[in-house]
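Below: the structure, in structure tokens.
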């Protein structure tokens, strides 16, 4: 981007209403965006939850996160979220892609 140009980021804010929301807040990691730090939910939960949402866009988002961060993902934790959300078939598809 050129000098004086600002990036636009999409930010969703919502209240924790279930165990997945609470886990996302409790187990958050810190992302650095420029000079700011932002807490984000754990990648393993984000991937499994996007598979749970089951739209094509969410699958593509899950695939992107899985591909980019595959080396640093905690496989056992991801598989636990996959089991808890009941998305084993979707996860198998993700791994095959």
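The values are calculated or read from the model by the stated rules, or taken from the named source; none is laboratory data. Since the structure is predicted, the reported quantities are computational estimates derived from the model, not experimental observations. Please note: Cβ atoms are built from the backbone with ideal geometry, for glycine as well, and neighbour counts cover all protein chains shown.
Can you go through 34, 41, 86 and tell me which one is out of contact with any helix residue (DSSP H, G or I) (no Cβ under 7 Å at 6 or more places or on another chain) and surrounded by 10 or more Cβ atoms within 10 Å (Cβ to Cβ)?
Result of the check over 34, 41, 86: 86.
Could you count how many residues in segment 60-83 are touching a helix residue (DSSP H, G or I) at 6+ places or on another chain (Cβ under 7 Å) and at pLDDT 95 or above?
11
Out of segment 57-69, which residues are closer than 17 Å to residue 92 by Cβ and surrounded by fewer than 13 Cβ atoms within 10 Å (Cβ to Cβ)?
Scanning segment 57-69 gives 60, 67.
Where in segment 55-97 are the helices (runs of 4 or more DSSP H), entirely inside, with at least 1 residues that are in contact (Cβ under 8 Å) with a residue 60 or more places away in the chain?
75-85
Is it fair to say residue 21 is surrounded by 15 or more Cβ atoms within 10 Å (Cβ to Cβ) and out of contact with any helix residue (DSSP H, G or I) (no Cβ under 7 Å at 6 or more places or on another chain)?
Answer is yes for this residue.
Tell me the residue from 25, 51, 11 that is touching a residue at least 40 places away in the same chain (Cβ under 8 Å) and either within 16 Å of the chain's Cα centre (by Cα) or assigned to a loop (DSSP other than H, G, I, E, B) (or both), please.
After ruling out the rest, the residue left standing is 51.
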